[in-house]
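First comes the structure, then the notes that go with it.
Readers should treat all values here as calculations from the given coordinates under stated rules, not as data from a laboratory. What you see is a predicted model, and the numbers here were worked out from it, not measured in a lab. Methodologically, a virtual Cβ is constructed for each residue, glycine included, from the backbone with ideal geometry; neighbour enumeration extends over all protein chains shown.
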Amino acid sequence: MSDIERASFDLLHEKVQRWIWNRGWPGLRDIQQESIAAVLSDASDIIISAATASGKTEAAFLPICSRLVTESAGQGIRAVYVGPLKALINDQWSRLDELCEQLDIPVHRWHGDVSSSAKQRLLRNPCGILLITPESLEAIFVLHGSDIARLFAETHDVVVDELHSFIGSERGMQLLSLLHRLDFALKRRVRRIGLSATLGDTRIAADFLRAYDDQRDVRIITSASGDQEVLLQVRGYRQRPPREEDQQPEEEEESVRAIAAHLFRTLRGSNNLIFANRRQVVEWLADLLARISEAERVPLEFYAHHGSLSRELRTDVEAMLKDGTRPTTAVCTSTLEMGIDIGAVKSVAQIGPPPSVAAMRQRLGRSGRRGSPPVLRAYIREQEIDARTPPHFTLRPSLVQTIAMVELLLEPWNEPNDVAAMHPSTFVQQLMSLIAQHGGVYPDRAWHLLCAAGPFRRIDAIAFERIVSGLVVHKIIERAINGLLLLGAEGERLVDHYTFYTAFITSEEYRLVSDGRTLGTLPVRTPLSPGSFLIFGGRRWCVTAVDERQHVIDLAPSKGGRLPPFEGHGFGDVDDRVRATMLTIYRATAPCAFSDSVAAGLLAEGRDNFRRLGLDETCVIPHGTDTLLFPWCGDRVMNTIVRALGACGVKASAEDVAILVDDVSPVDTMAYLTRIAADDSLDPHTLAATVSNKQEEKYDGYVDDETLNAAYAARRLDVPRARAVLMRMIGEFDENCRRSVAAVSNGSDEVQPV
């Protein structure tokens, strides 16, 4: 050990030191060295930011456990770990229990799969370390509200794992509210320690960790290491354009089979992860790989893993990966993106563009352990170009977006976390939760706790009263004669249902069963009927019975199958920086160093079409009677421009990298944009009011229109940035027009772009 490592090591309790020696660690990592001193000597909140598998959990809990074993305490939970996934909690419980068993510190899990008897024991004798999800913490507040101060009387630290996954989301606001309510119940601040591998901006993360406290003091600890060799390849595939006469299902298309064949050849014999952006893609790819294995008469090594599969099926796959005695590849969604310990993974595959640079970094970090470099292969399909292909799709945008994201990954750069949203839906949930916790609450106290001094500061006193009045109308809450807020009949019904504890929308689901074994759940808008076929868990089934009352679908193995009707696309908003990098790639001529020959050819085509369309000189081109705009900005700004055009009576829509303006010429389109850019009174709330359906979050249906307009504006619009982009586009258009006029005046025969 170096002197610096020795100094940090000496701060730990001797039993913790002995555990480290018994593990055979060669030394402490830099992130652990700094964190140990900070946790033991500092009362400020802490963010620990380092790459996946860099020892962040130990960086937080080695010093926490040292303090717990040193200090005497009364009855009460002494430290809390909040994780986003039950599987992650189970994994961390195994790791912490091994350490804490030697320290005589109990470690408890609390989530939906933990027995009620284990929970009751903890309620009777709160102690040790508690590992919990935000939803289960919510349940404790609702069901055991009067016991909060007793249960957490000795709590001094709350560790929030995968902090980035909470920032800007409904769950994140729910967690912030619960932690603030915990501080309020204990009449003191409980220190918060955030862990993450993919924070785009640590200052934003620090603001989020205790967003409502103007006196917040957050110490940020980042790893100095991380310059590791990375092996990358972007593979391109040409996809035949769909034809009306085609009877072949999309999952059997030639390019899909080619991707599956390459995955089969390349990944067999080792442990890998294949990330798809949607559960439906997971199912068709797992099924296709299983059929290839059967045709080749080799053992199956490819298994599906997503959130709709039963816990038993998911843990079986995780156990096979971690065991390492037989080759296993999981075809998964983001379920294996988090830091669940699945042992050494040789490589990661990404099907289609990744949801974000941050997600790509998180996924890449799952491979490359035990001294080997991380390996990432991205598989991108682009349709063959024919006479019907719109101009913007000839640019090969999926491929170029993926290349741009890889380049930003290597910089390194992540999207900054978005904390602009108001989340009035989550406020409604937290108000109901607060009433349930105390049996009633006065409006001024609720306003102070949740809004004025709490995380919902964007909801001012006027909006608070509007929302409360609307909840009274909907019978969610009611006002007593003395002004006390109580749960109304509808509010009682909502709070009494288990789905209340989630801040996000949960679909009605059917349970899938085969021979008495639960395979998972399936959200079904149109229930399946007996005799129909299904692909689920990477296997093929026939529906034998449907119980509409119990919401149970019985399955039997079958040769036939069709993809399940999962919803969602798995993508977030594309950031401004990604689109700007795409523009740089289009304008460049150098080949992509990490693409295969097909991807290189597709990139060359995209660049050729970029120049053919004149997009290196202009941002607007005609498309029949329509106009295509290329603002080269992120989705939020593009949505703002679309809404602003809509407010002018112009029909427009965002289509990947372009905005399609219906039945308006380029000159007239630019006139509209000039008017919008010059309008100093352009108001995001006014634009939001033109949107017909703004109900996106769980309880938005109970929120008044004015608040929904403000929430939509905060979440989906960026007027200042849109105005700046429009001014740039107008300048480029005017300059291009001047060049065209000059060319004509000089007698040039060259056709100029508009």
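For residue 158, what is the net charge nearby, where nearby means another residue's Cβ is under 9 Å from its Cβ and Lys, Arg count +1, Asp, Glu -1?
Net charge in that neighbourhood comes out at +1.
Please arrange 204, 505, 553 by counting, for each residue, the other beta carbons lying within 10 Å of its beta carbon, fewest first.
Neighbour counts put them in this order, fewest first: 505, 204, 553.
Throw me the Rg/Rh for segment 322-387, computed over C-alpha atoms with Kirkwood Rh, two decimals.
Answer for segment 322-387: 1.06.
Could you compute the net charge surrounding residue 170? Neighbours are other residues with a C-beta less than 13 Å from the C-beta of residue 170; K and R count +1, D and E count -1.
My count for the surroundings of residue 170 gives -3.
Which label marks the calculated value of P(r) over Cα pairs in 20 Å bins from 0, in percent, given the options (1) 14, 34, 25, 18, 8, 0; (2) 15, 45, 35, 5, 0; (3) 14, 30, 20, 15, 11, 6, 2, 1?
(2)
Would you list 415, 283 from fewest to most Cβ contacts within 10 Å?
Ordered from fewest to most neighbouring Cβ atoms within 10 Å, 415, 283 come out as 415, 283.
In segment 3-222, with Lys and Arg counted as +1 and Asp and Glu as -1 at Cβ, which of these residues, 139, 220, 89, has the Cα nearest the positive end of the dipole, that is, farthest along it?
139
As I understand it, the dipole of segment 424-501 uses +1 on the Cβ of Lys and Arg and -1 on the Cβ of Asp and Glu, about the Cα centre. Which of 484, 462, 500 lies farthest toward its positive end?
Farthest along the dipole direction, towards plus: 462.
According to the Kirkwood expression over distinct Cα-Cα pairs, how big is the hydrodynamic radius of segment 75-147, in Å?
12.4 Å
With +1 on each Lys and Arg Cβ and -1 on each Asp and Glu Cβ, and nothing else charged, work out how big the dipole of the chain is about its Cα centre, in Debye to the nearest 20.
The dipole magnitude comes to about 1560 debye.
Charges only on Cβ, +1 for Lys and Arg, -1 for Asp and Glu: so what's the dipole of segment 3-222 about the Cα centre, in debye to the nearest 20?
So the magnitude is around 500 debye.
Just the ratio, please: alpha-carbon radius of gyration of segment 424-501 over 2.2 N^0.38 Å, N its number of residues.
That ratio works out to 0.99.
Given N residues in segment 3-222, what is its alpha carbon radius of gyration divided by 2.2 N^0.38 Å?
0.96
Excluding residues fewer than 8 places away in the same chain, name every one of the aspartates and glutamates whose C-alpha is closer than 15 Å to that of residue 187.
Excluding near neighbours in sequence, the set is 147, 154, 157, 213.
Between residue 498 and residue 104, what is the FRET efficiency for a Förster distance of 25 Å, r being their Cβ-Cβ separation, to the nearest 0.05?
After rounding to 0.05, the efficiency reads 0.10.
Just to check I understand the Karplus step: with θ = phi - 60° and J = 6.51 cos²θ - 1.76 cosθ + 1.60, what whole-Hz values come out for segment 229-238, glycine and proline as x?
With the stated coefficients, segment 229-238 comes to 4, 10, 9, 10, 8, 9, 9, x, 9, 8 Hz.
Could you work out [θ]222 nm for the chain from helices alone, using -39500 (n - 2.57) per DSSP H run of at least four and dividing by all its residues? Round to the nearest 500 deg cm²/dmol.
-13000 deg cm²/dmol
Going by how many other Cβ atoms sit within 10 Å of their own, how do 509, 492 line up, fewest first?
Exposure proxy ranking, most exposed first: 509, 492.
At most 11 other C-beta atoms within 10 Å and a DSSP loop state: those are the exposed trypsin sites (Lys or Arg not before Pro) I care about. Give me the longest piece of the chain that has none.
Longest site-free region, per DSSP loop and neighbour criteria: 560-754.
Specify which residue in the list 693, 652, 195 is farthest towards the positive end of the charge dipole of the chain, using unit charges on the beta carbon of Lys, Arg (+1) and Asp, Glu (-1), about the Cα centre.
Comparing the listed Cα positions along the dipole, 195 ranks first.
Net charge around residue 413, counting only other residues with Cβ within less than 13 Å of its Cβ (Lys, Arg = +1; Asp, Glu = -1)?
-4
Using every pair of alpha-carbon atoms in segment 613-745, split the distances into 5 Å bins beginning at 0 and state the percent of pairs per bin, rounded to integers.
Whole-percent P(r) values from 0 Å outward: 2, 10, 20, 22, 18, 12, 8, 4, 2, 1, 1, 0, 0.
Going by Cα centres, segment 437-505 and segment 549-627 are how many Å apart?
43 Å
Just flag the GluC sites (Glu not before Pro) in segment 63-117 sitting in loop per DSSP whose Cβ has no more than 15 other Cβ atoms within 10 Å.
71
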